[in-house]
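Engineer: Before we start, here is the structure in question, set down as structure tokens.
The values are calculated or read from the model by the stated rules, or taken from the named source; none is laboratory data. Bear in mind that the values here come from a model prediction, so they are computed numbers and not experimental data. Neighbour counts are summed over all protein chains in view; Cβ atoms, including those assigned to glycine, are modelled from backbone coordinates with ideal geometry.
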Amino acid sequence: MNELMNNPEYKGWISEIKFRIQQSQIKASLSVNSALILLYRDLGKMIVEKQSTTNWGDGLINQLAINLKSEFPHLGGFSRENLYYMKRFYLAYIEPDTYRSKSTNQLDVVKVEQLVPQMQNTEILKLALCIPWGHNVVIMKKIKDQGQSLFYIQQTIENNWSRSVLQMQIESNLFGRQGKAVNNFAITLPKPQSDLANQILKDPYNFNFLTLEKDVQELELERQLVKNITQFLLELGKGFAYMGRQYQLQVGTKEYRIDLLFYHVKLKCFVVIELKTKEFEPEFIGKLNFYLSAIDTQVKTPEDSPTIGILLCRTKDNLNVEFALRDINKPIGVSEFTFSELPLQIQNAMPTVQEFELELFRNETH
């Protein structure tokens, strides 16, 4: 598209863009996220409007990238790819009819509406200005649905996610997992606590930061989760504070140990997490209900809300869970969990539990 450089209309247009960048005091604005994103949105708008009234096509973006890199060699952000995302960002925050009324080419309108999901521009744009440009690009690359885009923008703001964490949460389908666990919160907790409690649960929980044997034992899973507590807390979500593992309770003459105990700062309650490395069984609910009663009696203070139980099983049948939760007056949620399994050849090379215990016994007797 070198012929564009000889086109008087293009020369005038590129001068306008250069002036817009200079006028925005770009060097200062680069340190202010919202100012930078608004500039990118303006450039995206100028590209869309020029492409809709000329036949320059995608060659316009190629030539513009060359010119802006030449004019502003010390500033990043003007690559062909980034200019393309500026265009997408602008299109994402206008109503379809707004663009249609400005376009003289109906085919362009159809292409645009297939490419970009239209959003409610005022509400989402305000939120999009609160996260870095790179985060917005990740969301545009990976998410096509308006509701999901809004969800990940809100979660990024609330949890202060880095770009890599945002990408990981998208790839693990957090949107599809959050608030999906089977629970009885609606009948055991008052609103709005029941709604918030429901939202903190996922199904399934993604423990792919662990690599374990297929038939891993519960204590080993628990130990590995605590060893990787940073990733575990990230998967649990914001608000969880780790209190301990194998938390000891004395009820009557017997001693009991809870797998994992947390405190949720938003819900202002203790959270008991029990791990089961096999399929859900109804009797699991009875034991967890017992633990919740013990925590409410021995640990909870009058200022705390009722303790919540989370049962994590390898697999479950939702109907069985629903039946098991009937008539239970303690708040309990049940979810599955997944993890990365060790390759079969490594599993076969590892000693069994019996072999390991036998070796320990030999060492102790020598």
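Engineer: If G44 satisfies every condition in (1) at pLDDT below 85; (2) under 21 Å from V138 (Cβ atoms); (3) not acidic (D, E) but one, which is the exception?
Structural biologist: Of (1) at pLDDT below 85; (2) under 21 Å from V138 (Cβ atoms); (3) not acidic (D, E), only one is false for G44: (1).
Engineer: Counting just the residues of segment 248-262 that are crowded, with 18+ Cβ neighbours inside 10 Å and not aliphatic (A, V, I, L, M), which one comes out farthest from the chain's Cα centre (by Cα)?
Structural biologist: Filtering first and then ranking leaves D259.
Engineer: Restrict the check to segment 11-34 and report whether at least one residue is at pLDDT 85 or above, closer than 17 Å to M86 by Cβ and in contact with a Lys or Arg (Cβ under 7 Å, 6 or more places away or on another chain).
Structural biologist: The answer is no, given that none of the residues of segment 11-34 is at pLDDT 85 or above, closer than 17 Å to M86 by Cβ and in contact with a Lys or Arg (Cβ under 7 Å, 6 or more places away or on another chain).
Engineer: When the residues of segment 65-110 are filtered to those that are at pLDDT 80 or above and of a type in the set (S, T, Y), which remaining residue is surrounded by the fewest Cβ atoms within 10 Å (Cβ to Cβ)?
Structural biologist: Going through the qualifying residues, I end up with S70.
Engineer: Please indicate, with yes or no, whether at least one residue in segment 286-305 is of a type in the set (A, V, I, L, M), buried (at least 19 other Cβ atoms within 10 Å of the Cβ) and in contact with a Lys or Arg (Cβ under 6 Å, 6 or more places away or on another chain).
Structural biologist: Yes, the conditions are met somewhere in segment 286-305.
Engineer: Output the residue which, of all residues in segment 130-150 that are surrounded by fewer than 18 Cβ atoms within 10 Å (Cβ to Cβ) and not in a helix (DSSP H, G or I), is modelled with the highest pLDDT.
Structural biologist: P132
Engineer: Are there helices (runs of 4 or more DSSP H) fully within segment 178-248 with at least 2 residues that are closer than 26 Å to I328 by Cβ and among the β-branched types (V, I, T)? List them.
Structural biologist: Details: elements: 185-188, 193-200, 218-227, 229-236.
Once the helices (runs of 4 or more DSSP H) in segment 178-248 are filtered for at least 2 residues that are closer than 26 Å to I328 by Cβ and among the β-branched types (V, I, T), what remains is 185-188.
Condition check ((1) in the same structural domain as T188 (by TED's automatic domain parsing); (2) under 18 Å from F339 (Cα atoms); (3) touching a Leu at 6+ places or on another chain (Cβ under 8 Å); (4) modelled with pLDDT under 95) across all residues:
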residue: T211; (1), (2), (3), (4): yes, yes, yes, yes
residue: K238; (1), (2), (3), (4): yes, no, no, yes
residue: V272; (1), (2), (3), (4): yes, no, yes, no
residue: S305; (1), (2), (3), (4): yes, no, yes, no
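Residue-by-condition table, conditions (1) among the acidic types (D, E); (2) surrounded by fewer than 16 Cβ atoms within 10 Å (Cβ to Cβ); (3) in contact (Cβ under 8 Å) with a residue 12 or more places away in the chain:
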site	(1), (2), (3)
Y152	no, no, yes
Q155	no, no, yes
N160	no, yes, no
I187	no, yes, no
D203	yes, no, yes
Q224	no, no, yes
E235	yes, no, yes
V265	no, yes, yes
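Engineer: Could I ask something else about it? In the list Q193, Q199, Q167, Q178, which residue meets the criterion of being closer than 28 Å to K45 by Cα and out of contact with any His (no Cβ under 6 Å at 6 or more places or on another chain)? Full working, then the answer.
Structural biologist: Working: Q193 fails: closer than 28 Å to K45 by Cα; Q199 fails: closer than 28 Å to K45 by Cα; Q178 fails: closer than 28 Å to K45 by Cα.
Selected residue: Q167, the only one of Q193, Q199, Q167, Q178 that is closer than 28 Å to K45 by Cα and out of contact with any His (no Cβ under 6 Å at 6 or more places or on another chain).
Every residue, every condition in (1) touching a strand residue (DSSP E or B) at 6+ places or on another chain (Cβ under 6 Å); (2) more than 18 Å from N183 (Cβ to Cβ); (3) of a type in the set (G, A, S), yes or no:
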position	(1), (2), (3)
F240	yes, no, no
R257	yes, yes, no
F262	yes, no, no
K278	yes, yes, no
L292	yes, no, no
E303	no, yes, no
C313	yes, no, no
F323	no, no, no
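Engineer: Ok, one more. Can you tell me which residue in segment 154-174 is farthest from the chain's Cα centre (by Cα), limited to those that are hydrophobic (A, V, I, L, M, F, W, C) and closer than 20 Å to K266 by Cβ?
Structural biologist: Quick first cut of segment 154-174, residues hydrophobic (A, V, I, L, M, F, W, C) only: 157, 161, 165-166, 168, 170, 174.
Retained after the next criterion (residues that are closer than 20 Å to K266 by Cβ): 157, 161, 165, 174.
Values: I157: 11, W161: 8, V165: 7, L174: 5 Å.
Looking at the filtered set, the residue picked out is I157.
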